[in-house]
Amino acid sequence: MDFSVVIGGEAGQGAFSVELEATEMLAALGYHFFATKNYMSRVRGGHNFHMIRIADHPVHALSGYPWDMIMALDGETERRHRPNLREGGIYLSREMTREIESEARSAFGSVVASNSVLVGFLLSVIGADSDRVANASGEERRELLKRGRSFAERWNFAGHFAIPPRAGTGCRLDGNQALALGAILGGCQFMAGYPMTPATSIMHHFSMAARSAPVHFEQAEDEISAVNMALGASYAGVRAMVATSGGGFALMQEGVSLAGMTETPIVIVLAQRPGPATGLPTRTEQADLNFVVHAGHGEFARIVFAPGSINEAIRLARDSFDLADRFQIPVFLLTDQYFADSVQVVEEALALEPRFREPPAADAAYRRYRLTEDGISPLAFPGLSDSLVRVDSDEHDEEGKITEDLELRTRMVDKRFGRRDLLRNAAVPPTLFGNGEADTLVLCWGSNRLILQEAVERLGGEGIRLAGLHFGQVYPLTAEMIAPHGLKSRRLVSVENNAGGQFAALLKRELGIEVSESVLKYNGECFTVGELCRSLRRIVTGGDR
Amino acid sequence: MTTARSDIAWCPGCGNFAIRDALEKAIRELPVPRKDIVLTSGIGQAAKMPHYIDVNFFNGLHGRSLPLAVGIKLARPDLTVIAYSGDGCHYGEGGNHFIQTIRRRLDITILVSDNQVYALTKGQTSPTTDPGTVNSLDPEGNRNLPLNPVLLALSMGAPFVARGYAGEKSHLKDLIREAILFRGTSVVDILQPCVSFNRTNTYEWYGDRVYRLRKPRTGLFQAMKTAAVWGDRIPIGVLYRNEEAECRTGKTLYGERITDEDIRNQLGLPCVMMR
Ligand SMILES: Cc1ncc(C[n+]2csc(CCOP(=O)(O)OP(=O)(O)O)c2C)c(N)n1
Ligand code: SF4
Ligand SMILES: [Mg+2]
């Protein structure tokens, strides 16, 4: 049982409130669900739509057309979405939602109350138990939800798409919440940032933590300042991060290079949106992979992660701080608007033990850039011992003083850049799913993981044998990472949200592996399972069956 | 382990030598151990200063000494943080940081070797260069109005604003010490003769013009009036000192642990949709 609803309306009209309240209730009632949104870069007007998928099994992607139910808060919803309503689906027309609004106004004194009434309606359609709904809702919403149920009953929609709640009471997070949580678990205590969609809510969640936890968020005057502030904090001994989108990251590049030169640990979240330039500010894309892999002048080591699930985002965000510390490099978390704005139920248990970095020791002979056997100099922080901590953006000697000793320069480059070899052993392997023996292996990275996973399963049910391989670490790519999967002897297809097939190109450059086909989408929207199935079916069977 | 004068990358006669001596003496007189002092700097001749003083330092990128200082101070309120750079670094490349850092009301000291020129890159126009000055990129003379750093600092609300002169070493030492000890953002613009690239604002030129203020002006408007004085007479000393100004202190972060309760709070937050 699988039910997909779309709620469409103008920005500021309440569709987001309906989504938010609905997902809160669904989580509290123990439903499996997935929710995401498609919104315009405006505060009022236009047309936004919010999509919720509810099922009796775990769901982590949009199923694709047709919709089982449409809730229209504006006239545009009819034109845009009604053609995609399935036969026998529920269409809550603008006239009907108007009726709900006017009743909400007269019964509860405000139109805003109608959001909760709509949620009550939705819960009734999926057959949610009225007592459980009443228990799960707060006092002030109870009557509103009940009113929604009576609308559903009046119009004969109650229990129309009954779905049993099978998730248990789970945790519900969106991608940006997961990143902020992972960062805090990783011991990150400082974040500086400048608002930019779709990264802003990471800053919001971090600054909310700062109300009571020993962490600090500082809004910087620009992204250049943000990254330099974070590097200052990291130098001073506090784990630090920044988050931004492509345009802001363009400004941060000098800081990436500075982190590389000074070997200052930092974690950088780049939540992608379609470019170039301002692009489509509130839509999704995966076109900044090349940018991140090459960002910053000069040569130095880095790691780039691209999490594909909430759990993976929490884990990788948390571990990024350990890795940034251990290798004294910038570590990137490359996500996108789709991932940032999708709300998911977390089925697996989360590891929620916060980490703490023991203060490093330093003695009087301390040298920040001491040349060591393994190429990692000891990290220490100012003011914690009698030794001084000196770092420099110029080429420097072991003490951190400017040098133009060119022999030493070569050794310092070897130390910084040679760290790539150490990163090989720390690489996070890709995740395999589907039929491991299949001739065709579909590759993806970042937020496409769970969309592809479901598509591969669905096609498997049709007898189309496919395997999927998701890269949560996209750089560096090492031979060891792919060794178990026999990439060289299989037909490879890549799935990416960009026009250039950037990951496929990276794979070729780094490992000499060539994909034979690519499924690319770059109109600003995510893939749906149905759409991906169509593309893969065509590739595998040579036609659209 | 002080640096030998010969290892210093400045030209003989450069005003920065005197500033270095003044800064070194001021630091020596502070009730703060060197291990608790951090100098940040950008890039330029002035920005090399940290290499010649025995304290912690982060010599960062051109224009970025201030965001580094802000990050350090917020992360570690226990450290004494001084941002040191030139006029090009603090007022040009980092001009917005200069404005915005003052607004943050942190206990940071901002010191500027103001030689009215981009010295390291061999003499181009800086934000404080006199109009009409000719150089390699302004062969017809600088057409821009100069920026008045002390007036700008005052208008941004800096609670401690001073002007020093490299030719008045012990006066400068006192200014720097007072600025560091002041609780709040303090700005000291230091007039620094550059013997290689600034043929106008020389020791002789300053010698004829500079006079010492006996005490800070009373009130912001008096201070601004004095700050605007530039030409035949150039006042040096503390222009403004506002003891009442509030200073923001960051909370202790270093060594503090995130608790399970912090994590529970985090899990309870509602989702948001933000542009
Ligand atoms: C991003 C960037 N742009 C340009 C430069 C080149 N540059 C180095 S120092 C400098 C100007 C320095 O002027 P100032 O800050 O007044 O220092 P001074 O050398 O006069 O002491 C410039 C333009 C650079 N290092 N980085
Ligand atoms: S060029 Fe000017 S500022 Fe630089 S060291 Fe020489 S005299 Fe000093
Ligand atoms: Mg200068």
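Somewhere in the stretch B:245-262, is a residue away from chain A (no Cβ under 14 Å), touching a residue at least 12 places away in the same chain (Cβ under 8 Å) and touching a strand residue (DSSP E or B) at 6+ places or on another chain (Cβ under 9 Å)? So that I can check it myself, show each step before the final result.
The first filter runs over the stretch B:245-262 and keeps only residues away from chain A (no Cβ under 14 Å), leaving B:245-247.
From the residues that got through so far, the ones that are touching a residue at least 12 places away in the same chain (Cβ under 8 Å) too are B:245-247.
Then keep just the ones that are touching a strand residue (DSSP E or B) at 6+ places or on another chain (Cβ under 9 Å); that gives B:245.
Scanning the stretch B:245-262, I find at least one residue that is away from chain A (no Cβ under 14 Å), touching a residue at least 12 places away in the same chain (Cβ under 8 Å) and touching a strand residue (DSSP E or B) at 6+ places or on another chain (Cβ under 9 Å), so the answer is yes.
Can you find even one residue in the stretch B:71-83 that is closer than 25 Å to B:K122 by Cβ and either within 16 Å of ligand 3 (Cβ to nearest atom) or touching a Lys or Arg at 6+ places or on another chain (Cβ under 7 Å) (or both)? I'd like the intermediate steps shown before the answer.
Within the stretch B:71-83, the first condition is being closer than 25 Å to B:K122 by Cβ, and the residues that meet it are B:83.
Next, only the ones that are either within 16 Å of ligand 3 (Cβ to nearest atom) or touching a Lys or Arg at 6+ places or on another chain (Cβ under 7 Å) (or both) stay: B:83.
Within the stretch B:71-83, one or more residues are closer than 25 Å to B:K122 by Cβ and either within 16 Å of ligand 3 (Cβ to nearest atom) or touching a Lys or Arg at 6+ places or on another chain (Cβ under 7 Å) (or both).
Screening the stretch B:146-200 for residues that are hydroxyl-bearing (S, T, Y) and within 16 Å of ligand 2 (Cβ to nearest atom) and picking the one that is surrounded by the fewest Cβ atoms within 10 Å (Cβ to Cβ) gives B:T200.
For residues that are in contact with an Asp or Glu (Cβ under 7 Å, 6 or more places away or on another chain) and among the hydroxyl-bearing types (S, T, Y), tally how many sit in the stretch A:335-376. Number of matching residues: 2. Mind checking which residues of the stretch B:13-42 are open to solvent by less than 10 Å² (accessible area, probe 1.4 Å) and aliphatic (A, V, I, L, M)? Selection gives B:I19, B:A22, B:L23, B:A26, B:I27, B:I37, B:V38, B:L39.
Might you check whether a residue that is surrounded by fewer than 24 Cβ atoms within 10 Å (Cβ to Cβ), more than 25 Å from A:A213 (Cβ to Cβ) and more than 10 Å from chain B (Cβ to nearest Cβ) occurs anywhere in the stretch A:236-247? I'd like the intermediate steps shown before the answer.
From the stretch A:236-247, those surrounded by fewer than 24 Cβ atoms within 10 Å (Cβ to Cβ) are A:246-247; that's our starting set.
If we keep only those that are more than 25 Å from A:A213 (Cβ to Cβ) too, we end up with A:246-247.
Within this subset, residues satisfying the condition of being more than 10 Å from chain B (Cβ to nearest Cβ) are A:246-247.
Yes: the stretch A:236-247 contains one or more residues that are surrounded by fewer than 24 Cβ atoms within 10 Å (Cβ to Cβ), more than 25 Å from A:A213 (Cβ to Cβ) and more than 10 Å from chain B (Cβ to nearest Cβ).
Among residues of the stretch B:104-145 being on the phi > 0 side of the Ramachandran plot and more than 14 Å from ligand 3 (Cβ to nearest atom), the one that is least open to solvent (accessible area, probe 1.4 Å) is B:G141. Candidates A:G148, A:G193: the one that is at negative phi, modelled with pLDDT of 95 or more and in the same structural domain as A:D129 (by TED's automatic domain parsing) is A:G148. Elements of the type strands (runs of 3 or more DSSP E) sitting completely within the stretch B:186-273 and holding at least 3 residues that are touching a Phe, Trp or Tyr at 6+ places or on another chain (Cβ under 9 Å): these cover B:186-191, B:234-241. Taking the conditions exactly as written (closer than 20 Å to A:D129 by Cα, touching a residue at least 60 places away in the same chain (Cβ under 8 Å), touching a Phe, Trp or Tyr at 6+ places or on another chain (Cβ under 8 Å) and surrounded by fewer than 18 Cβ atoms within 10 Å (Cβ to Cβ)), does A:M69 satisfy them or not? No; evaluated as a whole, the condition is false for this residue.
Being open to solvent by 40 Å² or more (accessible area, probe 1.4 Å) and either more than 10 Å from chain A (Cβ to nearest Cβ) or more than 16 Å from ligand 2 (Cβ to nearest atom) (or both) is the requirement here; does B:K73 meet it? Before you say what the answer is, go through the steps one by one.
Numbers: open to solvent by 40 Å² or more (accessible area, probe 1.4 Å): no; either more than 10 Å from chain A (Cβ to nearest Cβ) or more than 16 Å from ligand 2 (Cβ to nearest atom) (or both): yes.
So B:K73 fails the test.
Inspect all residues belonging to the stretch A:454-463 and state whether any of them is part of a loop (DSSP other than H, G, I, E, B), among the β-branched types (V, I, T) and open to solvent by less than 10 Å² (accessible area, probe 1.4 Å).
To start, the set of residues in the stretch A:454-463 that are part of a loop (DSSP other than H, G, I, E, B) comprises A:462-463.
The next check asks that each one be among the β-branched types (V, I, T); those that pass are none.
Scanning the stretch A:454-463, I find no residue that is part of a loop (DSSP other than H, G, I, E, B), among the β-branched types (V, I, T) and open to solvent by less than 10 Å² (accessible area, probe 1.4 Å), so the answer is no.
Quick check on B:V210: is it within 16 Å of ligand 1 (Cβ to nearest atom) and either of a type outside the set (A, V, I, L, M) or over 25 Å from B:V70 (Cβ atoms) (or both)? Judged against the criteria, B:V210 is not a match. When A:L92 is tested against (1) open to solvent by 20 Å² or more (accessible area, probe 1.4 Å); (2) over 25 Å from the mean Cα position of the chain (by Cα), only condition (1) is not met.
Restrict the check to the stretch B:94-117 and report whether at least one residue is more than 18 Å from B:A166 (Cβ to Cβ) and within 8 Å of ligand 1 (Cβ to nearest atom). Steps first, please.
Step one: of the stretch B:94-117, the residues more than 18 Å from B:A166 (Cβ to Cβ) are B:94-108.
From what's left, within 8 Å of ligand 1 (Cβ to nearest atom): none.
Taking every residue of the stretch B:94-117 in turn, none turns out to be more than 18 Å from B:A166 (Cβ to Cβ) and within 8 Å of ligand 1 (Cβ to nearest atom).
I'm checking my understanding of the structure. Among residues of the stretch B:87-124 that are assigned to a strand (DSSP E or B) and under 22 Å from A:V227 (Cβ atoms), which one is farthest from the other protein chains (Cβ to nearest Cβ)?
Our first condition is that a residue be assigned to a strand (DSSP E or B); within the stretch B:87-124, this holds for B:108-114, B:118, B:124.
If we keep only those that are under 22 Å from A:V227 (Cβ atoms) too, we end up with B:108, B:110.
Working: B:I108: 11, B:I110: 14 Å.
This residue is B:I110.
Which residues, counting only those in the stretch A:385-400, are more than 8 Å from every other protein chain (Cβ to nearest Cβ) and open to solvent by 20 Å² or more (accessible area, probe 1.4 Å)? Within the stretch A:385-400, A:E395, A:D397, A:E398, A:E399 qualify. Highlighted here are the strands (runs of 3 or more DSSP E) found entirely within the stretch A:1-114 that include at least 1 residues which are small (G, A, S) and away from chain B (no Cβ under 14 Å): A:2-11, A:45-55, A:67-72, A:85-92. Among the residues of the stretch A:260-273, those that are within 11 Å of chain B (Cβ to nearest Cβ) and either within 16 Å of ligand 1 (Cβ to nearest atom) or surrounded by fewer than 19 Cβ atoms within 10 Å (Cβ to Cβ) (or both) comprise A:M261, A:T262. In the stretch B:10-24, the residues that are assigned to a helix (DSSP H, G or I) reach residues that are within 16 Å of ligand 3 (Cβ to nearest atom) and of a type in the set (F, W, Y) with C-beta atoms within less than 7 angstrom, at least six apart or across chains, in these pairs: B:N16/B:W10; B:F17/B:W10. Counting only residues that are more than 16 Å from the chain's Cα centre (by Cα) and more than 11 Å from ligand 2 (Cβ to nearest atom), the stretch B:110-124 holds 1 of them. Of the candidates A:E358, A:E373, A:E404, the single residue that is part of a loop (DSSP other than H, G, I, E, B), within 14 Å of chain B (Cβ to nearest Cβ), more than 30 Å from B:D260 (Cβ to Cβ) and open to solvent by 20 Å² or more (accessible area, probe 1.4 Å) is A:E404. Just one of the listed residues (A:L432, A:L422) is within 30 Å of A:F339 (Cβ to Cβ), open to solvent by 50 Å² or more (accessible area, probe 1.4 Å) and part of a helix (DSSP H, G or I), and it is A:L422. Cβ separations smaller than 9 Å between residues 6+ apart or across chains give the following pairs from the stretch B:31-57 residues that are closer than 20 Å to B:K122 by Cβ to residues that are within 16 Å of ligand 1 (Cβ to nearest atom) and basic (K, R): B:S41/B:K48; B:G42/B:R64; B:I43/B:R64; B:M49/B:R20.
Within the stretch A:417-425, can one find any residue that is within 14 Å of chain B (Cβ to nearest Cβ), among the basic types (K, R) and in contact with an Asp or Glu (Cβ under 9 Å, 6 or more places away or on another chain)? Let's see the steps before the verdict.
Of the stretch A:417-425, the ones within 14 Å of chain B (Cβ to nearest Cβ) are none.
No: zero hits.
Scanning the stretch A:1-13 for residues being open to solvent by less than 20 Å² (accessible area, probe 1.4 Å) and either at pLDDT 95 or above or in contact with an Asp or Glu (Cβ under 9 Å, 6 or more places away or on another chain) (or both) gives a total of 7. Considered as a group, the residues in the stretch A:274-310 that are more than 17 Å from A:A324 (Cα to Cα) and aliphatic (A, V, I, L, M) include one that is surrounded by the most Cβ atoms within 10 Å (Cβ to Cβ), and that residue is A:I310.
The values are calculated or read from the model by the stated rules, or taken from the named source; none is laboratory data. Only a predicted model underlies this, so the values are computations on that prediction, with no experimental measurement involved. With ideal geometry, Cβ positions are generated from the backbone for all residues, glycine too; neighbour counts draw on all protein chains shown. Note: areas computed on protein heavy atoms with side chains; ligands, DNA, RNA excluded. Shrake-Rupley method; radii C 1.70, N 1.55, O 1.52, S 1.80 Å.
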